[in-house]
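The next block holds one structure in the form of structure tokens; read it before the comments.
Every read-out reported here was derived from the displayed coordinates using simple, explicitly stated rules and does not represent laboratory data. Bear in mind that the values here come from a model prediction, so they are computed numbers and not experimental data. Every residue, glycine among them, receives a Cβ derived from its backbone with ideal geometry; neighbour counts consider all protein chains shown.
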Amino acid sequence: MYVQKFGHVNLMKIHEHVEIGPALRNLWLDCMSRALNETSLPNETVEEVMRHLTKAAGTIGHDQP
Ligand code: HEM
């Protein structure tokens, strides 16, 4: 399994070189939301995925705008 072989993906670490603040985070989430809405996934699945992504995105970033 990927996780056993490489360990858990450290989102903080892989984004270290990017300045992520609330504005960029919201743009990113908006892109993800638009992309998901272009799929034929049921609404509840889209909402579930967005819930996870919002939580994950909230763990990344610094205090930049
Ligand atoms: C806060 C919103 C986010 C922003 C603005 C963002 C932006 C970026 C940027 C600019 C890169 C670097 C691309 C490069 O250096 O070529 C990157 C890499 C990456 N991001 Fe995000 N990201 C966000 C959230 C997430 C989330 C939530 C995930 C996972 C669910 C994710 C997964 C990844 C992965 C896997 C990479 C590639 C890392 C590598 O192999 O170098 N990102 N992201």
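Listed values, structure above:
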item: Cβ-based charge dipole, the chain, positive-most Cα from V9, S33, A23; result: V9
item: For the chain, calculated [θ]222 nm from helices alone, where every DSSP H run of n ≥ 4 adds -39500 (n - 2.57); result: -18500 deg cm²/dmol
item: GluC sites (Glu not before Pro) within the range 27-59, DSSP loop, no more than 15 other Cβ atoms inside 10 Å; result: E38
item: Alpha-carbon radius of gyration plus Dmax, which is the widest Cα pair, for the chain in Å; result: 13.7, 37
